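Following: one structure in structure tokens, then a few remarks.
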Amino acid sequence: MRLLGRRSVSAPGGTGSVAALAGGSRLAPVVTAALVGSRFLPIWIATALLIAIAAVVAPETLQGTSWGFVLPYMTILAVAALGQMLVIMHAGIDLSIPGVMFLGGNLVVGVAAGSDDQLALAVLACLGLGAVVGLANGVLVGVLRLNPLIVTLAVGQVVLALGLSYSRGIANESNVPQALSSWAGDKPLGVSWVFWVGVLLTAFVALALRYTAAGRRFQAVGANPRAAWMAGIRVRTHVVFAYAAAGTLYAVAAVLLAGVRISIDPSFGAAYLLAPIAAVVIAGASLAGGLASATSTWVAALALTLLTQMLRILGLSTAMQFVVFGAAIVAGMLVSGDRVAAVLGRLLRPPEHPGAPAEAPPPEHHPVDPGKL
């Protein structure tokens with residue numbers, strides 16, 4: 001098996017290899033690309049359908065004023081979702097996002113103290129907070145082997161409590177520095193700088209994961225930690241890095257949100273507890289780890305934000321907005337990447353011949369000593 005570069009892909013719902021599905025090694029790369037690509041296709045189709053529906057039932061959603069709201073907020077969600085994606089690629093989950101964003105936003109206000117001269121220091125403080133919280137999550141999950149759901153929720157609550165305590169000490173400073181809000185309000189090529197930052201980050205993550213050796217090792221560890229360990233890759237280091245990088249991206253999202261919102265209130269960042277998870281999942285990422293797409297995650301964030309905007313324009317009550325939003329996420333789960341890849345795998349599998357020898361049983365799995373990972 002080639003651990004780095006193009007991974008071997010097992011047939012969904014069975015034990016055959018891609019070569020077996022294709023009926024020959026020459027077709028294996030084509031089938032591999034089809035299986036991997038098919039899991040990310042539904043969100044692109046769903047987003048196109050959503051835009052078409054919005055153009056009919058709520059055309060105001062696609063007007064310039066509406067896009068001026070949608071693009072910055074979808075970018076903030078996309079950046080937070082990229083961090084969550086890195087964690088999910090290692091079969092984890094991170095619920096510390098609201099805490100990091102709340103304390104990070106308050107640090108931008110408190111450290112800068114309204115001065116543009118201190119803005120760079122305030123942004124660095126926010127990014128440092130995200131990296132430290134992510135590192136703590138990574139050590140607890142990757143090194144101490146604690147449950148990621150419980151750990152990140154607990155760490156997030158601790159950080160949120162620190163944020164509440166810190167915010168009371170800076171009550172006189174409620175707004176971010178003028179330079180940050182002005183930067184977020186500027187619109188080169190008619191679109192906010194916030195959007196362009198999100199595009200650059202998404203492109204960087206996508207290219208790094210796909211075209212660098214470090215990115216391929218990162219994916220390999222998430223896809224099969226045992227095989228990665230046998231190949232000499234430091235599994236725990238990659239898990240810790242995933243959480244630390246994710247925390248840094250949450251902090252970037254906090255800075256962007258602070259620039260858009262201008263002021264920090266008690267609900268700052270609260271909406272980003274589950275939305276990033278939803279964006280990653282409906283984008284086609286595998287919850288078992290390994291497979292994910294940065295560009296599809298970006299599109300999923302666009303779809304979720306655009307759907308919210310359309311519901312608001314239609315005048316639905318808050319309760320009905322939650323109902324439709326939740327139903328859309330459930331529908332996305334029903335056509336998730338795992339299901340699509342499994343169906344396509346069954347369709348591509350060649351028919352079995354009566355005289356064909358039975359497939360050998362899978363090798364017995366032995367647990368890996370955690371101390372060696």
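Below is a table of values for the structure above.
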| read-out | value |
| --- | --- |
| Complete set of residues in region 147-190 that are in contact with a Leu (Cβ under 6 Å, 6 or more places away or on another chain) and either assigned to a loop (DSSP other than H, G, I, E, B) or among the aromatic types (Phe, Trp, Tyr) (or both) | Pro177 |
| Of all residues making up region 228-237, the number that are buried (at least 18 other Cβ atoms within 10 Å of the Cβ) and either more than 24 Å from Pro148 (Cα to Cα) or out of contact with any helix residue (DSSP H, G or I) (no Cβ under 9 Å at 6 or more places or on another chain) (or both) | 0 |
| Qualifying residue in region 214-227 (condition: under 30 Å from Asp117 (Cβ atoms), in contact with a helix residue (DSSP H, G or I) (Cβ under 8 Å, 6 or more places away or on another chain) and either among the aliphatic types (A, V, I, L, M) or surrounded by fewer than 18 Cβ atoms within 10 Å (Cβ to Cβ) (or both)) | no |
| Some residue of region 227-239 being small (Gly, Ala, Ser), on the phi > 0 side of the Ramachandran plot and over 14 Å from the mean Cα position of the chain (by Cα) | yes |
| Residue in region 186-198 that is nearest to Gly83 (Cα to Cα), counting only those that are surrounded by 14 or more Cβ atoms within 10 Å (Cβ to Cβ) and not small (Gly, Ala, Ser) | Val197 |
| Looking only at region 300-314, and only at residues there that are in contact (Cβ under 8 Å) with a residue 60 or more places away in the chain and farther than 15 Å from Val330 by Cα, the one that is surrounded by the fewest Cβ atoms within 10 Å (Cβ to Cβ) | Leu314 |
| Residue within region 91-107 that is of a type outside the set (D, E, K, R), part of a loop (DSSP other than H, G, I, E, B), buried (at least 24 other Cβ atoms within 10 Å of the Cβ) and at pLDDT 90 or above present | yes |
| Counted residues, region 37-85 - those being outside any helix (DSSP H, G or I) and either under 28 Å from Ile97 (Cβ atoms) or modelled with pLDDT of 90 or more (or both) | 3 |
| Residue check, Gly104 among the small types (Gly, Ala, Ser) and in contact with an Asp or Glu (Cβ under 7 Å, 6 or more places away or on another chain) | no |
| Selected residue [modelled with pLDDT of 90 or more and crowded, with 23+ Cβ neighbours inside 10 Å] from Tyr272, Tyr211 | Tyr272 |
| Verdict on Pro370 being modelled with pLDDT under 55, out of contact with any Asp or Glu (no Cβ under 7 Å at 6 or more places or on another chain) and farther than 27 Å from Val205 by Cβ | yes |
| Test: residue in region 167-185 that is of a type outside the set (Lys, Arg), in contact (Cβ under 8 Å) with a residue 12 or more places away in the chain, under 22 Å from Val299 (Cβ atoms) and surrounded by 12 or more Cβ atoms within 10 Å (Cβ to Cβ) | no |
| Hits in region 244-269 (condition: farther than 24 Å from Gly138 by Cα and either of a type in the set (Ser, Thr, Tyr) or in contact with a strand residue (DSSP E or B) (Cβ under 7 Å, 6 or more places away or on another chain) (or both)) | Ile262, Ser263, Ser267 |
| Ala279 being buried (at least 17 other Cβ atoms within 10 Å of the Cβ), at pLDDT 90 or above and under 11 Å from the mean Cα position of the chain (by Cα) | yes |
| Filter pass, Gly289 being on the phi > 0 side of the Ramachandran plot and surrounded by fewer than 18 Cβ atoms within 10 Å (Cβ to Cβ) | no |
| Failed condition for Phe268, given (1) in contact with a Lys or Arg (Cβ under 9 Å, 6 or more places away or on another chain); (2) more than 22 Å from Val255 (Cα to Cα) | (2) |
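The values are calculated or read from the model by the stated rules, or taken from the named source; none is laboratory data. If you're wondering where the values come from, they're calculated on a predicted model, not measured in any experiment. Here Cβ is always computed from backbone atoms with ideal geometry, including for glycine, and neighbour counts include all displayed protein chains.
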